[in-house]
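Heads up: the structure comes next, in structure tokens.
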């Protein structure tokens, strides 16, 4: 008989309140984990098989715990990549299992369903290997499984957000600095535009390469330029040397940097005036919309409708080009959700969530 009892792993999705498109530039980010999540229900078996049922997708996978490194069946084969990362770190999975994967996070909408999946998978394989990982290790291994295994361009913030939960500030300095923000925030509504995102990974690669080239060019005119520290006022006289869209995108990342720093100063006090938080969310959205060109016509309609219904602020989520938006509407969640759906979106009234958890049966 298997030595382990059945268990369930739950890993939440997330939104970035501030610092969207900042983690892969080693800047600051403020995330909030959501009560939309990926669940892995794990039932140990008497054989060496790992049988995976993807409930929402209607697909299956099967391999052996004795396999060394698994081939990938397609790009971003995340459960297999989590298995491979654990193997590369020397962990031995000790029992087979039937794993049922299901989720309440809308897929490919900017809410980190893929990161939640790899966080849950790393934790599940750790349990089957009968080892205890720290939260930092879970996030790091999940980042390796999602980003490094497939040579992608994203950062680690999604994995930290899903692992640690709550409202979390991370400064991607060396060393990384992580600060849980003990603030009670309520009144969030997610609006899914139901627009299919074309190339999330390609969008991130484009932004990253364009801005990094902008930083390099600025360094030629400002030898001591540091994109983390140099004041925007010092940089502005030299921005005209950059061609478009590099100029606007580079300047936007620096404005985004300064906005996130301001938001952190306010949120770490444990309380913030709702109207001010709404204004800051609006400003963040303007940067993403106008500076990085990440919004869509439909998301803009949904945001306008949410604001007319009483939302204090709203922003798009994720890489953009479709997906979801976030409205901040304490006390008016129902009205804002209805307004979003009148514009053809799907609304989710959400709350801040704990990070990855294990429930044993």
Query - Mean Cα-pair separation over length for the chain, i.e. relative contact order, pairs under 8 Å, 6 or more apart, % - result: 25
Report summary line: Computed over the range 188-350, the relative contact order (Cα-Cα under 8 Å, seq sep at least six) in percent reads 37
Query raised in the report: Under a point spin-label approximation (7 Å from Cα along Cα-to-Cβ), what is the residue 100-residue 45 distance to one decimal in nm?
Result: 1.6
Query raised in the report: Expressed in nm to one decimal, what extension gain is obtained for the pair residue 76 and residue 248 from 0.36 nm per residue of sequence separation less their Cα-Cα distance?
Result: 58.8 nm
**Report entry** Burial ranking of peptide ranges 34-41, 128-135 (average Cβ count within 10 Å, highest at the top)
**Finding:** 34-41, 128-135
Report summary line: Here the gain from full extension of residue 231 to residue 151, 0.36 nm per residue of separation minus their alpha-carbon distance, amounts to 25.6 nm
Requested in this report: Rounded, prolate or oblate: pick one for the range 18-102, where a ≥ b ≥ c are the square roots of the eigenvalues of its C-alpha gyration tensor, a/c under 1.5 means rounded, and failing that, prolate if a/b is larger than b/c, else oblate.
Outcome: prolate
Report task. Round to a whole angstrom and tell me the spacing of the C-alpha centers of the range 82-100 and the range 152-222. Result -> 28
Report task. Let me know the Rg and Dmax you get for the range 188-350 when you use only its Cα atoms, in Å. Result -> 17.4, 53
Requested in this report: Enter the angle in degrees (range 0 to 90, nearest 10) between the Cα long axis of helix 200-221 and the first principal axis of the Cα atoms of the chain, meaning the one along which they spread out most.
Outcome: 50
Query raised in the report: So if R0 is 41 Å, what FRET efficiency would residue 216 and residue 304 give, r being the distance between their Cβ atoms, rounded to the nearest 0.05?
Result: 0.60
Query raised in the report: Once a ≥ b ≥ c are taken as the square roots of the eigenvalues of the Cα gyration tensor of the range 67-164, is the result rounded (a/c under 1.5), prolate (a/b larger than b/c) or oblate (a/b not larger than b/c)?
Result: rounded
Report task. Report the relative contact order of the range 31-101, percent, no decimals, based on alpha-carbon pairs under 8 angstrom and at least 6 residues apart. Result -> 51
**Report entry** Projected label distance in nm at residue 275 and residue 64, using a 7 Å step from Cα toward the beta-carbon
**Finding:** 6.8
Query - Computed lengthening from residue 297 to residue 335, 0.36 nm per intervening residue step minus Cα-Cα distance - result: 11.5 nm
Query raised in the report: Using a simple spin-label model with points 7 Å from Cα along the Cα→Cβ vector, what separation in nm is obtained for residue 88 and residue 358?
Result: 2.3
Query raised in the report: Packing-wise, with mean Cβ within 10 Å as the measure, how do 91-97, 214-220, 273-279 rank, highest first?
Result: 91-97, 214-220, 273-279
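Every number in this text was worked out from the coordinates using simple rules, so none of it is lab data. Just so you know, these numbers come straight off a predicted model, no measurement behind them. Neighbour counts are summed over all protein chains in view; Cβ atoms, including those assigned to glycine, are modelled from backbone coordinates with ideal geometry.
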